[in-house]
Amino acid sequence: MPLPFSLKSLKPLLLSSAFILLAGCQSLNSTTELRGTGDLGVVVERATGSLAVVDTSKREIFNRVEGLGDLSHASVKFSRDARYAFVFGRDGGLSKVDLLTSKITERVIQSGNSIGGAISQDGNYVAVANYEPGGVKIFESKTLRLVADIPATYTDENGDIQRSKTVGLVDVPGNDFVFSLFDAGEIWTVDMTTTEPEIQRYKNTGKQPYDSLISPNGRYYIAGLFGEDGLALLDLWHPEKGVERILPDYGRGEKRLPVYKMPHLEGWAMAGDRAYFPAVGRHEVLVADTDDWSLVKRIPVHGQPVFVMSRPDERQVWVNFAHPKNDVVQVIDTRSGDVIKSLSPGKSVLHMEFTPRGENVWISARDSDHVKVYDTETFEELATLPMESPSGIFFTDRAHRIGL
């Protein structure tokens, strides 16, 4: 049977359709830029409740996200694919932000006062540590649907049931979370591989654990103790050993100084077989041998350290300080153990973040309303980015690192 049309008559129609399709593609490409997220990050603008989305390759602001609530002590984690940022606000808000569209995709107010969070090894769960009410809540990362509510209850010295503020929440291998109870002096682990979260409690870990760190390989969970000298260590490869006390000379120390801002142990530094800790109430960085966690050196520094952070190649350790000496950043050479450089990035330096391979460092100066970028070899200032009261800086390479 002959066709009702010829191939010759069909050709103009096909060409016309192709031109329409091509025009549509050109229109799409003119408004949408395809890109990865590996060189993106966010800077918390605490005064305005917003995030500045930044491009670390171009050293510029990519976009802004507003409406994130109280970000006075905010932290950020990233999804497994590094596209989404989970923002933990001080007002109990948990927000999921799409970095590419710079929009909030999900948001819940999950408590009255929260202090940080973590994302599980498989990327399926987001956990939040809460001051009020004390405990940890765990959500599905895709939808922010609540899947577990873990109240941090303990029995006080009078036999009454109380709830503790939770701090130092980190993710560890095995889809587990670990956190500390400030008021109870306990460390808890939560296993999310079971049908119901399985909790293991470690009691009598020390007085007032205020923050914690996890070693880069996920083995050691170390809680700083504000109420007494020393730190509490849990070896997650051998949890049957329980919690042991290390660095008995660490803490407020013999000479007690006012503590204007608590050190952040999550910003500790590992370099070779040495660990670098900020000393509470001292103008020192403490160096420990990671084989036996003995104290091997005290490094005098400009003020009371807050963050002590290792450059990715472990050749340098960068330190910022608490009020009133918080306009300076110092650099320690890990080979000599000496301070080799002092910089003045601005007023009230709050945070530092290295680019993934460590060639640059970004430093926020809250009261100067800017972030400065430095070359970590030459210490040359490369850029100044105006921002509203910037504090925490978080780059997407954290998505692939344990505990960050």
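The values are calculated or read from the model by the stated rules, or taken from the named source; none is laboratory data. Just so you know, these numbers come straight off a predicted model, no measurement behind them. Cβ sites come from the backbone with ideal geometry, for glycine too, and all protein chains shown count toward neighbours. Areas reflect the complete protein model, heavy atoms only, side chains present, ligands, DNA and RNA absent. Shrake-Rupley method; radii C 1.70, N 1.55, O 1.52, S 1.80 Å.
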Study note, to complete from the structure: Scanning the stretch 48-62 for residues that are assigned to a strand (DSSP E or B) and modelled with pLDDT of 95 or more gives Ser50, Leu51, Ala52, Val53, Val54, Asp55, Glu60, Ile61
Exercise for review: Restrict the check to the stretch 206-214 and report whether at least one residue is at positive phi and either open to solvent by 20 Å² or more (accessible area, probe 1.4 Å) or not in a loop (DSSP other than H, G, I, E, B) (or both).
Suggested key: yes
Point to revise | strands (runs of 3 or more DSSP E) contained in the stretch 219-258 and holding at least 2 residues modelled with pLDDT of 95 or more | key: 231-235
Check your understanding: Which residues, counting only those in the stretch 89-128, are hydrophobic (A, V, I, L, M, F, W, C), at pLDDT below 95 and under 21 Å from Asp211 (Cβ atoms)?
Key -> Ile115
Revision key, fill the gap. The lone condition Thr101 fails out of (1) open to solvent by 10 Å² or more (accessible area, probe 1.4 Å); (2) in contact with a strand residue (DSSP E or B) (Cβ under 8 Å, 6 or more places away or on another chain); (3) of a type outside the set (Lys, Arg) is (2)
**Study point:** Odd one out for Lys372 among (1) open to solvent by 30 Å² or more (accessible area, probe 1.4 Å); (2) part of a strand (DSSP E or B)
**Key:** (1)
Point to revise | Of the criteria (1) surrounded by fewer than 20 Cβ atoms within 10 Å (Cβ to Cβ); (2) more than 24 Å from the chain's Cα centre (by Cα); (3) of a type in the set (A, V, I, L, M, F, W, C), which one Ile199 fails | key: (2)
Check your understanding: Exactly one of (1) out of contact with any helix residue (DSSP H, G or I) (no Cβ under 7 Å at 6 or more places or on another chain); (2) open to solvent by less than 50 Å² (accessible area, probe 1.4 Å); (3) at negative phi is unmet by Asp229. Its number?
Key -> (2)
**Study point:** strands (runs of 3 or more DSSP E) lying entirely in the stretch 110-195 (those with 1 or more residues that are open to solvent by less than 60 Å² (accessible area, probe 1.4 Å) and in contact with a strand residue (DSSP E or B) (Cβ under 6 Å, 6 or more places away or on another chain))
**Key:** 113-119, 125-132, 135-140, 146-151, 153-155, 166-172, 176-181, 186-191
Revision key, fill the gap. By residue number, the members of the stretch 194-230 that are among the hydrophobic types (A, V, I, L, M, F, W, C), in contact with a Lys or Arg (Cβ under 9 Å, 6 or more places away or on another chain) and either closer than 18 Å to Val136 by Cβ or without any contact (Cβ under 8 Å) to a residue 40 or more places away in the chain (or both) are Leu225
Review point. Looking at Asp367, is it surrounded by fewer than 17 Cβ atoms within 10 Å (Cβ to Cβ), of a type in the set (D, E, K, R) and over 23 Å from Arg245 (Cα atoms)?
Key: yes
Review point. Wholly within the stretch 260-343, which strands (runs of 3 or more DSSP E) include no fewer than the required count, namely at least 1 residues that are in contact (Cβ under 8 Å) with a residue 40 or more places away in the chain and of a type outside the set (A, V, I, L, M, F, W, C)?
Key: 274-278, 294-300, 305-310, 316-321, 338-343
Practice item. Within the stretch 82-109, track down each residue that is assigned to a loop (DSSP other than H, G, I, E, B) and farther than 19 Å from Gly403 by Cβ. Key: Arg83, Gly89, Arg90, Asp91, Gly92, Leu99, Leu100, Thr101, Ser102
Study note, to complete from the structure: Looking across the stretch 69-79 at residues that are more than 10 Å from Val44 (Cα to Cα) and modelled with pLDDT under 95, the single one that is surrounded by the most Cβ atoms within 10 Å (Cβ to Cβ) is Gly69
Check your understanding: What are the residues in the stretch 325-359 that are hydroxyl-bearing (Ser, Thr, Tyr) and either open to solvent by 10 Å² or more (accessible area, probe 1.4 Å) or closer than 25 Å to Val296 by Cβ (or both), if any?
Key -> Thr334, Ser336, Ser342, Ser344
